[in-house]
Amino acid sequence: MSKRITFILSIGILGVLFFILSFPLNHWLSQTMPRHQLIQLPLMLVIGLFIGYQNKNINITNLPWGIAILILALFSLMFWMLPRSIDLTVVYPWFNRVMHLHIVGVGFFISLVFRNIMFEVQMAFLLMLSAMLIATGAVLKTFAILLCSSFTIEQQHETGLYLLSFGILLFVVTLFLFFKGLGKVSNQRSSF
């Protein structure tokens, strides 16, 4: 009974956080590009990851389906980083809420897949995600033309710098996890 209460409480807290980010704080978060892309979008992803983590009964164990879901997740994240998508989320609040629900769903499915998929696939996904963040950050930081008409060039460059920095950090952490996990995988295989 205690696990069920903990589950209900955690889902309730995540629901309240989603509501706060999507409704009362939405206007404030959408006023600048860094807030929109570096606070709102990642927090929605984290909410989805936690919801997936809490649902221990749902498992995706099929390798091809897991890989397909992770590829779809990367394309989904990429879609919401396109300048046209960003502009539409700022202009139309309903489209922004579609993004919120979609990103929560993406986080949910990433969490379900990561729980059971091979270590090598996990590392490949994290490396591709870091490469996407680095590429997006570099474009936003270096382009002298305004890509998103809803924001300023300064906000675009600031967002690019943070995305680039986070992508590099994720890359370094992934390499660390890869070499750390490689030792565990080789030890497990040699014990057979």
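Read-outs: derived from the displayed coordinates by stated rules, not from any lab. Remember, it's a predicted structure, so these values are computed and weren't measured experimentally. Every residue, glycine as well, gets a Cβ built from its backbone with ideal geometry; the counts of neighbours run over all protein chains shown.
Taking the average, over residues, of other Cβ atoms within 10 Å as the packing measure, peptides 115-123, 6-14 rank 115-123, 6-14 from highest down.
Could you tell me which of Thr152, Ser165, Leu129 has its Cα farthest along the dipole of the chain towards the positive end, charges placed at Cβ (Lys, Arg +1; Asp, Glu -1), taken about the Cα centre? Towards the positive end, the residue furthest out is Leu129.
Angle of helix 153-191 to the longest C-alpha principal axis of the chain, folded into 0 to 90 degrees and rounded to 10: 0°. Once you reduce the stretch 7-39 and the stretch 154-178 to the center of their Cα atoms, the two points are 22 Å from each other. Stretching Phe166 away from Val98 to a fully extended chain increases their span by 22.0 nm, per 0.36 nm per residue minus the current alpha-carbon distance.
Label-to-label distance for Arg115 and Phe143 is 3.8 nm, based on points extended 7 Å past Cα in the beta-carbon direction. Taking 7 Å steps out from each Cα toward its Cβ at Leu127 and Phe75 produces label points 2.2 nm apart. Pairs of Cα atoms nearer than 8 Å and 6+ residues apart set the relative contact order; for the stretch 2-182 it is 26 percent. Each Lys and Arg contributes +1 and each Asp and Glu -1, all at the Cβ; summed about the Cα centre of the stretch 2-182, the dipole is approximately 500 debye.
Peptides 156-164, 57-65, ordered by how many other C-beta atoms sit within 10 Å of their residues on average, highest first, read 156-164, 57-65. Computed from Cα atoms, the angle from the helix 93-114 axis to the main principal axis of the chain rounds to 20 degrees.
Note on Trp28 and Ser10: their simple-model spin labels are 2.8 nm apart, each label 7 Å out from Cα toward Cβ. Legend: ranking of residues Trp28, Trp80 from fewest to most surrounding C-beta atoms inside 10 Å; resulting order Trp28, Trp80.
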